[in-house]
Structures are given as structure tokens and as C-alpha cells.
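The values are calculated or read from the model by the stated rules, or taken from the named source; none is laboratory data. Just so it is clear, the model here is predicted, and its values are computed rather than measured. Neighbour counts are summed over all protein chains in view; Cβ atoms, including those assigned to glycine, are modelled from backbone coordinates with ideal geometry. For the accessible areas, the whole protein counts, side chains as well, though only heavy atoms, and no ligand, DNA or RNA atoms are used. Shrake-Rupley method; radii C 1.70, N 1.55, O 1.52, S 1.80 Å.
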Amino acid sequence: MADCFNHMLSVSLVFLFSVTSLYGFKVDRYGLLMPNVRPNVPELYLCTPIRINFTTNYYIVGFEPNATMNTAHHMLLYGCTKPGSNKPVWNCGEMASTSEQESYETASVCESGSTILYAWARDAPKLELPQDVGFKVGGRSPIQYLVLQVHYATIDKFKDGSTDDSGVFLYYTERPQSKLAGVYLLGTAGMIPPMTTEHMETACAISENKTIHPFAFRTHTHSLGKVVSGYLVTTDSRGRHHWTLIGKKDPLLPQMFYPVANQVSISEGDILAARCTMVSERRTVTYIGQTNKDEMCNFYLMYYVDEGEPLEQKYCFSRGPPLFYWQSLLNSIPDKDASTLD
Ligand code: CU
Ligand code: CU
């Protein structure tokens, strides 16, 4: 285990230098890159970790992809309290393949405390964190490891023995950032009946005395998702709900973080709501699950807080259809707007 870990560091600690001038304070760059892997089966998801120093807090203020779309289909960067494996590289496929020729151990991305910090996919616009905003990692924060996941869709280019070092350059500083970033994940359980359009919906009230400012969102479904939308819902004195769109996307587009549709502030008692509109032409019921035959309904909200720590509340999951719909909690639902792209 210790050997693995040293090896892991020696292969990853390749790029490390100062980029102070861009930020006005000392910022370093670290390459979290695949340690020259050679994917041997198509549709492989590989993960590689780094452990962050637990004696110091670091603030991640920027991400720069090191990947090309003809090698990596997409990349996700996770923060974990504990990683899914102690290996330098493992198979962390959501759509887990069980091929026998495959040479990597299979495990989840994180064993605990999973948060998505960054996502890259082809043609995706670059996302900068707003000024003074950073993800606090290391120290006593819940993010003790960073795990890079790369999806290799096709493997033709590895047949000649070549290897890959796709990854992300992290820009980080020890200087505390005044606005800490966090990610809030909305999602559902539930099922989609055959040959129907179904709404998978969730909604939760913020129950902490904090104000959060979303600046980016990401949607995730598998193949049946048509539109995923997320809203801030406020309640007036007569109990009427007012809906403000935070983000809406066709989940078949690259599943990146995109800038929010409206800049809003969300305080205690406000409600966050998300809907996935799913269209099934299947003859069988589709359930929420990990594989291609299953579905997922996820809306990620990346935000910062004016002061203090990010929300302790990190998830808003409902039981989904047929057990939960917005109408059981909310009124004035923007039914058409929530399910159509403009
Ligand atoms: Cu992909
Ligand atoms: Cu999924």
C-alpha cells in the first residue's frame, strides 16, 4: 500500500510550479494525470487518486484540462473523504464492464464523501471559478483525496502499445479564499414506465442559516433524458410559490458545468427543485441505477457562500415517480418551461 502510494506520487508529481502572476498571490499548479495507462477494453472508466496533505488547508481556484477528445470521452474530478481503492489506477466505471481481458480492479470512485468538483467533455466551454472563490481541500475538510475519472470510449489508438496521461492541472493556493465553494446534488430514485414521458422530480428546503450563490450547474441522465431543469422556489406571505430558473440543459450535450441562467441568492427556507423529463420508448420499465439499461436523474449545483463553510446539506434526493412529484409540495409549477428547451 505504501509502495503503491509512493509510486503514485512519483508518477503524478510531474508538473509543479508557481503561477503567481495570474492571480496576484501565490498559486501553484499540480498535474493530476493518468499514470500512462493503456485501456484494453472499450467504454472503460479509469480512476487515479491523490491524497491531500491533512496538515494544511489548500484552496483550489482553477482547473485546466489536459486532454483531447480523440482520446478521452469525458473526465470528472471528484473530491472524496476516502477513495474507492488504494491502487494507483482502478476501473471505476459507472456502467461497470465485466470483461475478462480487463486488467484493472473494479471499485467505486469514492468509498465515502463524494463530491464532483470539475467536469470536462468535448467542445465544453471553459469554466473559471469566480474571483475570491475556492474549494477548500485537505486539512480537516471532508475532501482528503482527489480522484480523477477518465472515460475512454474507444481504444483503437492504444493497440500499438501507446499510453495516455489525460488529466487536469489544478491551480491551488494556501492563501484562504474569502468565498468557499461547494456542490449540492439534486436527484431522484423511482421508475419510468414503458412507452411514456415521465417527470422525475425532487425538491428540498435549505435548512441552514446561510446564503449561497450558485454560479454553475451540471446535468446527468443516461439515454432517456430530454431536459433537466433546476429552480429556486421562494414562498410569499400567501403561500404562493415563485420559480426562478437556475439552469436547464439537454443532457445529451456534453455533461459539463455551465454558467447559471440567473444569478440568485438562496437563503434558509428557500426551496431548490429539479426535474428530469424522461421519454421512454422501451417496452420494459426503466429503473434508477448504474448501468446503460438504467437511468439517472441528477442536477448538480456549484455555489459559493459569502462567509463560513459551505452547506452541510449536500444532497436532495426524492423517491421519484410514482411516489413523489413536485405537486405534492409545490404550487404554481412552470410545467411547460421545466420540460422544454428554448
Ligand atoms: Cu464519456
Ligand atoms: Cu449515471
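Sites listed here are trypsin sites (Lys or Arg not before Pro) in region 235-308 whose DSSP assignment is loop and whose Cβ has at most 13 other Cβ atoms within 10 Å: Arg238, Arg240, Arg283, Lys293. When Rg and the Kirkwood radius Rh are both evaluated on Cα atoms of region 47-194, their ratio Rg/Rh stands at 0.99.
Cross-linked pairs Lys26/Lys179; Lys226/Lys248; Lys157/Lys293; Lys248/Lys293; Lys26/Lys210; Lys87/Lys159: Cα-Cα separations exceed 19 Å for Lys157/Lys293; Lys248/Lys293; Lys26/Lys210; Lys87/Lys159. Shown in residue order for region 325-342 are the 3J(HN,Hα) couplings computed by the Karplus curve 6.51 cos²θ - 1.76 cosθ + 1.60 at θ = phi - 60°: 9, 3, 4, 6, 10, 10, 10, 6, 5, x, 4, 6, 4, 6, 10, 10, 8, 9 Hz (x for Gly and Pro). Per residue, region 131-244 exposes 38 Å² of solvent-accessible protein surface, assessed with a 1.4 angstrom probe and all protein chains in place. Within the accessible surface of the chain, defined with a 1.4 Å probe on protein heavy atoms only, the carbon and sulfur portion equals 51 percent.
Each principal axis of the Cα cloud of the chain was taken in turn, and the coordinate range along them, longest first, works out to 61, 51, 33 Å.
A viscosity of 1.567 mPa s and a temperature of 4 °C, combined with the Kirkwood radius over Cα pairs in Stokes-Einstein, give a translational diffusion coefficient for region 221-267 of 104 µm²/s. For Ile288, the residues 5 or more places off, or on other chains, whose built amide H falls under 5 Å of its own are Gly190, Glu295. Scanning the chain for GluC sites (Glu not before Pro) lying in DSSP loops with no more than 10 further Cβ atoms inside 10 Å, the longest uninterrupted stretch between such sites is 101-280. Evaluated at q = 0.14, 0.15, 0.21, 0.23 Å⁻¹, a Debye calculation over the C-alpha positions of region 189-313 (equal weights, vacuum) places log10 I(q)/I(0) at -0.65, -0.73, -1.15, -1.27.
In terms of Cα atoms, the Rg and Dmax of region 250-342 work out to 15.6, 51 Å. Sites counted here are chymotrypsin sites (Phe, Trp or Tyr not before Pro) in a DSSP loop (not H, G, I, E or B) having no more than 15 other Cβ atoms within 10 Å; the longest part of the chain that contains none of them is 55-342.
Taking the centroid of alpha carbons for each part, region 245-264 and region 273-289 are 20 Å apart.
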